[in-house]
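Notes to accompany the following structure.
The values are calculated or read from the model by the stated rules, or taken from the named source; none is laboratory data. Nothing here was measured: the structure is a model prediction, and the numbers come from that model. Note that each Cβ is placed from the backbone with ideal geometry, even for glycine, and that neighbours are counted across all protein chains shown. Protein only, heavy atoms only, side chains kept; ligands, DNA and RNA dropped before computing areas. Shrake-Rupley method; radii C 1.70, N 1.55, O 1.52, S 1.80 Å.
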Amino acid sequence: DAPPIIITRLPVGQANFYVVFPRARIVEQDFTWAWLGWGVFGGLLALLGAALVMWRVNRPLKALASAARDLGQGKSPAPLDEIGPSEVRAVSAAFNQMRHDLQRLDRERATFLAGVSHDLRTPLSRLRLAVEMLPADQATRADIENDIEDINGVIGQFMDFARDESTEPMERVDVVRLVEDVVARAARGGATIQLHALKALVTTLRPMAIRRVVTNLIDNAIKHATTPIDVEVKELASPGAAPPRWVLSVLDRGPGIAPSEVERLKQPFMRLDSSRTGASGAGLGLAIVDRIVRMHGGNFDLLPREGGGTEARVTLPTL
């Protein structure tokens with residue numbers, strides 16, 4: 001057997017020095033399992049630290065993404081917590097400031113439009129009364145009355161655009177009955193409309209806001225296309241675990257809308273009279289529809305109708 005010690009002689013001048021080492025200090029030992037254990041332990045610590053950092057960064061980023069999505073749908077998200085790394089805190093603070101500025105602009109816009117519309121209603125009523133007393137011929141009086149009604153319709157659009165639909169509570173409503181009421185009212189006004197719908201379709205929504213959507217789409221079709229107009233209400237099954245959807249379509253036989261102009265027409269005060277008919281209006285009807293539909297988590301599309309014309313399609317989740 002090897003001796004338990006190692007003796008080394010070091011000659012220095014005329015003398016000899018001896019250094020004694022325990023053998024265990026010199027002979028290489030097998031540290032494989034020790035290194036493996038420390039490696040695994042270090043890897044686990046690194047993974048735990050990375051998960052902690054990712055959680056600290058991802059949590060505010062997910063909240064930011066959710067708030068941005070709600071804001072894009074016309075909702076009013078709560079202010080974000082300004083937490084996380086400095087860069088993420090800066091982005092959250094900028095988003096909160098943007099949210100505050102947008103809400104302030106919306107309030108100022110709504111106050112302005114509502115004030116102007118209210119101030120115009122009074123002289124418009126006096127003007128309507130004065131027309132009744134004019135000695136003009138019947139045709140001239142009818143033209144003036146039509147102009148007054150056009151002005152009154154524009155004011156009504158201003159009032160609708162200034163209204164905040166998000167304050168209306170959600171209710172369980174039969175959509176088919178709601179659409180039937182709007183179609184019947186339009187038919188009493190002289191429009192030729194055919195309704196194709198289910199017997200009943202109950203879902204949760206803001207009834208006055210959706211009634212405004214249906215009314216605006218039908219009025220838009222009546223203004224810009226010849227009757228008859230077809231209105232359809234149907235339900236679609238969604239793939240997977242997604243909730244079912246219901247679809248409202250208002251179809252006309254007008255000149256149609258170029259695909260390149262669709263998104264522009266959804267913006268406030270935008271009109272496409274050159275391609276439609278040049279009918280009067282403030283260009284707010286489709287913008288109101290788009291805002292209300294996005295608020296309900298749905299989609300609003302303007303599609304070419306087979307055989308000519310336009311299909312205004314609203315797709316909403318069935319809740």
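Once the Cα atoms of helix 207-224 and of the chain are each reduced to a long axis, what angle between those two axes, in degrees from 0 to 90 to the nearest 10, is obtained? With both axes taken from Cα atoms, the answer is about 60 degrees.
In the set (i) 1.42; (ii) 1.06; (iii) 0.95, the label that goes with Rg/Rh (Cα atoms, Kirkwood Rh) computed for this structure is (i). How much mean residue ellipticity at 222 nm does the chain get from its helices, if each DSSP H run of length 4 or more adds -39500 (n - 2.57) and you divide by all residues, to the nearest 500 deg cm²/dmol? When only DSSP H runs of four or more count, the value is -18000 deg cm²/dmol.
Taking the Cβ-Cβ separation of residue 125 and residue 247 as r and a Förster radius of 30 Å, what is the calculated FRET efficiency to the nearest 0.05? Can you show the working numbers first?
Working: r = 40 Å, r/R0 = 1.33.
E(calc), rounded to 0.05, equals 0.15.
The residues 61, 47, 286, sorted by heavy-atom accessible surface at 1.4 Å with ligands and nucleic acids left out, run 47, 61, 286 from largest to smallest. The local environment of residue 200, defined by Cβ-Cβ distances under 11 Å, has a net charge of -1 under the rule Lys, Arg +1 and Asp, Glu -1.
In the chain, Cα pairs under 8 Å separated by at least six residues give a relative contact order of 13 percent. Within the straight-line cut-off of under 20 Å between alpha carbons, the aspartates and glutamates reachable from residue 62 are 70, 81, 82, 87, sequence neighbours fewer than 8 places apart in one chain being disregarded.
Here residue 147 sits with roughly 90 square angstrom of accessible surface, probe radius 1.4 Å. Of 55, 33, 246, 38, the residue with the largest accessible area leads and the full order is 33, 38, 55, 246 (1.4 Å probe).
Phi angles across region 146-156 convert, under the Karplus curve 6.51 cos²θ - 1.76 cosθ + 1.60 with θ = phi - 60°, into 3J(HN,Hα) values of 5, 5, 5, 5, 4, 4, 5, x, 5, 4, x Hz, Gly and Pro given as x.
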